[in-house]
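K.L.:
What follows is a single structure, and I will ask about it in a moment.
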Amino acid sequence: MPTDSRLLFSWIGATDLACMASDLDGSDRDSVLRDARREIALGGLGPIKTLLSVESFERVHLLTNYTEVTNRLFARWLGCKPITHKVEIQSPINYGEVFQATDEALGKVVGTIRPGSTELCIHLSSGTPAMAAVWVLLGKTKYPATFYQTVREGVSKEEIPFDIILDYVPEILRGTASSLQQLSSQSPQEIGKGFESIIGSSKAIRLAAGRASRAALWEVPVLVLGESGTGKEMFANAIHQSSSRRDKSFHAVNCAAMPSQLLESILFGHAKGAFTGAVNRYDGLFKTADGGTIFLDEIGECEPEVQAKLLRVLQPPPGASPCFRVFNPLGSTKDETSDVRIIAATNRNLLKQVEAGRFREDLYYRLAVITIQLPALRERKADIESIAEHLLEQINANLPNEGGTFVHKQLSPSTINFVRQYDWPGNVRQLQNALVQSAVMSESNVIQPADIRACLQAVPQSPQDILGHELGDGFSLKALLDDVQSHYLQRAMEEAGSVMSTAAELLGYESYQRLNNQLRARGLEHLKDKG
């Protein structure tokens with residue numbers, strides 16, 4: 001398509017400044033070298049000026065994290081009146097910071113030009129490898145562009161295949177010890193945008209949130225794995241909110257909740273007359289979510305015919321961006337297109353489903369470009385108290401109060417101990433349901449362990465529940481044994497109605513004095529207040 005103009009985007013790199021410094025004198029020379037963190041000046045034109053000597057552009061946009069003085073000297077040295085975009089980044093090798101700065105700069109410029117009127121060109125040679133990688137990802141997805149490199153005073157136009165993204169992105173998330181430590185360095189709240197509603201600071205949830213925040217940067221499919229109730233949709237929404245698609249729509253679909261024909265219609269739409277009752281044309285989510293994200297929950301429950309259609313849609317044409325979708329509405333042979341990112345989730349082991357012939361292997365690898373495993377609640381015991389307090393705060397704020405009889409509830413210390421010790425096979429969802437029911441059913445403003453226990457179905461506890469804890473990562477045998485003993489001390493006192501002699505008998509103690517000493521040692525003397 002012919003265009004009216006060509007725009008060039010590039011970072012100003014340290015090599016560019018070192019080359020400019022050879023043409024400067026005195027304090028200007030020293031200031032530029034200091035800013036570029038170089039000791040000596042270099043001869044030659046440098047990457048950007050070399051490109052400009054060969055290719056012509058109507059406008060040159062330069063991203064820079066150098067000082068205003070250096071930027072002004074460099075603009076004058078280039079001689080083409082470039083537009084500089086001063087950005088604040090702490091580290092030029094931090095992918096997250098570089099991505100956000102680059103995306104914002106490109107977005108501001110692209111948003112002011114007429115679609116199809118301008119050829120976007122990106123220079124890859126200036127700046128750090130992280131800056132070049134982000135240019136490639138943005139230029140192959142959100143802002144289609146022509147790529148240039150300068151090598152040894154020469155200029156080349158680069159053709160970058162789509163598959164390089166699929167090969168490269170999973171590699172940056174593979175788990176060496178150092179990368180795992182980096183991913184788990186921040187809690188979800190510290191990560192910020194999109195992750196504020198994820199509660200906890202345990203190593204397991206930090207690692208999951210770290211992978212999710214890194215995955216948000218790359219426009220490829222993500223597969224979220226985890227038991228029911230672990231917050232898979234919350235993580236999918238966090239990835240969307242932390243991505244460049246945050247201003248577009250997020251749609252969640254439960255693949256297990258509807259028959260295959262209805263699911264196909266919801267996803268791909270249908271033509272008028274496609275089936276009985278299709279009296280009008282319907283645009284499915286792949287059309288209405290253009291530019292946004294679709295979350296396919298319980299993807300493992302899809303019927304074979306839906307799997308086949310999804311596979312076709314998830315396979316972009318050669319050279320297209322990873323989120324380019326081609327699909328047919330039900331009852332139509334006409335191809336339609338859109339730009340949609342896919343995040344899928346399942347509580348099943350999809351590889352075992354593949355082995356059993358119940359899930360397509362090729363679809364699995366299309367969905368699992370990046371995988372994120374969410375920990376069960378029993379694997380993040382340290383987070384349970386903060387999660388329970390947060391959920392109860394929401395319940396107090398949102399629970400309907402007909403007649404004005406509901407009073408805000410709080411958890412007693414013994415209840416906090418109880419919820420921390422319980423394994424919660426239904427994870428956060430089960431904990432939330434138990435708190436809602438306890439808040440409604442308890443007449444007191446303090447929720448006691450008996451209130452929570454009444455909400456839970458009797459689930460036999462196997463020896464593995466206590467014998468299967470992972471060692472290391474803060475594990476303490478003494479703390480575990482103390483928790484077990486505290487649990488039974490509290491239970492005995494509750495079942496005995498706080499009668500010391502009866503509780504001691506339930507525990508098999510010869511005298512209540514031993515029970516009294518253990519309650520005092522564990523700070524549980526308040527349990528005697530009732531008696």
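Each reported figure results from applying straightforward, stated rules to the coordinates on display, with no laboratory input. Since we're looking at a predicted model, the values are computed, not measured. Because the Cβ atoms are built from the backbone with ideal geometry, glycine has one as well, and the counts that use them run over all protein chains shown.
K.L.:
Using a basic spin-label model with each label point 7 Å from the Cα along Cα→Cβ, how many nm lie between D362 and S56?
P.N.:
Taking the two extended label points, one gets 4.8 nm.
K.L.:
Sort segment 1-63 into rounded, prolate or oblate with this rule: let a ≥ b ≥ c be the square roots of the eigenvalues of the Cα gyration tensor; rounded if a/c is under 1.5, and if a/c is not under 1.5, prolate when a/b is larger than b/c, oblate otherwise. Mind showing how you got there, number by number?
P.N.:
Values: a/c = 3.25, a/b = 2.55, b/c = 1.27.
Cα axes put segment 1-63 in the prolate bin.
K.L.:
Identify, among P318, T146, I266, the residue whose Cα sits farthest towards the positive end of the charge dipole of the chain, taking +1 on the Cβ of Lys and Arg and -1 on the Cβ of Asp and Glu, with the dipole about the Cα centre.
P.N.:
Towards the positive end, the residue furthest out is T146.
K.L.:
Against the longest principal axis of the chain, how steep is helix 203-215, in degrees 0 to 90 to the nearest 10, with axes from Cα atoms?
P.N.:
Approximately 30 degrees, to the nearest 10.
K.L.:
Another question, then. For the peptides 508-521, 318-331, what is the packing order when you average, over each peptide's residues, the other Cβ atoms within 10 Å and list the highest mean first?
P.N.:
Values: 508-521: 13.9, 318-331: 17.7.
Answer by packing, highest mean first, reads 318-331, 508-521.
K.L.:
Residues with amide H under 5 Å of V446's amide H, sequence separation 5 or more or different chain, H placed in the peptide plane at 1.01 Å from N; which?
P.N.:
Hits under the 5 Å cutoff: Q410.
K.L.:
Report the far tail of the P(r) of segment 84-130, meaning the percent of Cα-Cα pairs longer than 15 Å.
P.N.:
Numbers: 581 of 1081 pairs.
Summing the P(r) of segment 84-130 above 15 Å gives 54 percent of all pairs.
K.L.:
Efficiency by 1/(1 + (r/R0)^6): what FRET value for S156 and K193, r their Cβ-Cβ distance, R0 = 45 Å, to the nearest 0.05? Don't skip to the end; give the middle numbers.
P.N.:
Working: r = 37 Å, r/R0 = 0.82.
The pair S156/K193 has a calculated efficiency of 0.75.
K.L.:
Also: What FRET efficiency do you get for Q90 and S332 if R0 is 45 Å and r is their Cβ-Cβ distance, rounded to the nearest 0.05?
P.N.:
Values: r = 51 Å, r/R0 = 1.13.
Using R0 = 45 Å, I get an efficiency of 0.35.
K.L.:
Also, quick follow-up: Using the beta-carbon distance between E389 and L477 and R0 = 35 Å, what value does 1/(1 + (r/R0)^6) give for FRET efficiency, to the nearest 0.05?
P.N.:
Working: r = 27 Å, r/R0 = 0.77.
Given R0 = 35 Å and the Cβ-Cβ separation, E is 0.80.
K.L.:
In nm, to one decimal, how far is the L456 label point from the N254 one, both placed 7 Å along Cα→Cβ?
P.N.:
In this crude spin-label approximation the distance works out to 2.5 nm.
K.L.:
From the P(r) of segment 5-159, can you give the percent of Cα pairs sitting at distances over 23 Å? Please report the intermediate quantities before stating the final value.
P.N.:
Values: 3938 of 11935 pairs.
Tail fraction, whole percent: 33.
K.L.:
Then there is this: Tally Lys/Arg at +1 and Asp/Glu at -1 over every other residue whose Cβ is under 12 Å from the Cβ of A274; what's the total?
P.N.:
Working: positive: K272, R281; negative: E264.
Counting the neighbours of A274, the net charge comes to +1.
K.L.:
Test of understanding: what is the full-extension gain from E303 to N445, defined as 0.36 nm times their sequence separation minus their Cα-Cα distance?
P.N.:
Values: separation 142, 0.36 × 142 = 51.12 nm, distance 4.81 nm.
So the chain would gain 46.3 nm between E303 and N445.
K.L.:
Among DSSP bridges having both ends in the chain, what percentage is antiparallel? Round to the nearest 5. Please list the in-between numbers first.
P.N.:
Numbers: 10 of 47 bridges.
Rounded to the nearest five, the antiparallel share is 20 percent.
K.L.:
Here is a further query. What number, rounded to the nearest 500 deg cm²/dmol, is the helix-based mean residue ellipticity at 222 nm of the chain, given -39500 (n - 2.57) per DSSP H run of at least four residues and division by all its residues?
P.N.:
-12500 deg cm²/dmol
K.L.:
Moving on to the next point. Which order do peptides 405-414, 196-205 fall in by mean Cβ count within 10 Å, highest first?
P.N.:
Values: 405-414: 15.5, 196-205: 18.7.
My ranking of the peptides, most packed first, is 196-205, 405-414.
K.L.:
Arranged from highest to lowest average of other beta-carbon atoms within 10 Å per residue, in what order do the peptides 301-312, 83-94 appear? Mind dumping the intermediate values first?
P.N.:
Values: 301-312: 17.0, 83-94: 13.8.
Ranked from most to least packed, the peptides come out as 301-312, 83-94.
K.L.:
Over every pair of different alpha-carbon atoms in the chain, take the mean of 1/r and invert it; report that Kirkwood radius in Å. Don't skip to the answer; put the middle values down first.
P.N.:
Numbers: mean 1/r = 0.0364 Å⁻¹.
Hydrodynamic radius (Kirkwood, Cα only) of the chain equals 27.5 Å.
K.L.:
Using only the alpha carbons of segment 251-330, what is the convex hull's orientation-averaged projected area in square nanometres? Before the final figure, lay out the partial values.
P.N.:
Values: hull surface 21.5 nm².
Average projection, Cα convex hull of segment 251-330: 5.4 nm².
K.L.:
Each residue of segment 435-447 in turn: what ³J(HN,Hα) in whole Hz from Karplus with 6.51, -1.76, 1.60 and θ = phi - 60°, glycine and Pro shown as x?
P.N.:
5, 4, 5, 5, 5, 6, 7, 6, 7, 7, 8, 10, 7
K.L.:
Here's something else I'd like to know. Can you give me the Cα centroid spacing of segment 268-287 and segment 38-105 in angstrom?
P.N.:
Between the Cα centre of segment 268-287 and that of segment 38-105, the gap is 50 Å.
K.L.:
Once the mean 1/r over all distinct Cα pairs of segment 223-286 is inverted, what Kirkwood radius in angstroms do you read off?
P.N.:
Numbers: mean 1/r = 0.0718 Å⁻¹.
About 13.9 Å for segment 223-286.
K.L.:
Give me the percent of Cα-Cα pairs in segment 168-375 that sit more than 27 Å apart, rounded to a whole number.
P.N.:
Of the Cα pairs, 31 percent sit more than 27 Å apart.
K.L.:
List, in the order given, every pair from K140/K203; K381/K478; K203/K232; K157/K248 whose Cα-Cα distance in the structure shown is over 26 Å.
P.N.:
On the way: K140/K203 34 Å; K381/K478 15 Å; K203/K232 18 Å; K157/K248 32 Å.
Pairs exceeding 26 Å: K140/K203; K157/K248.
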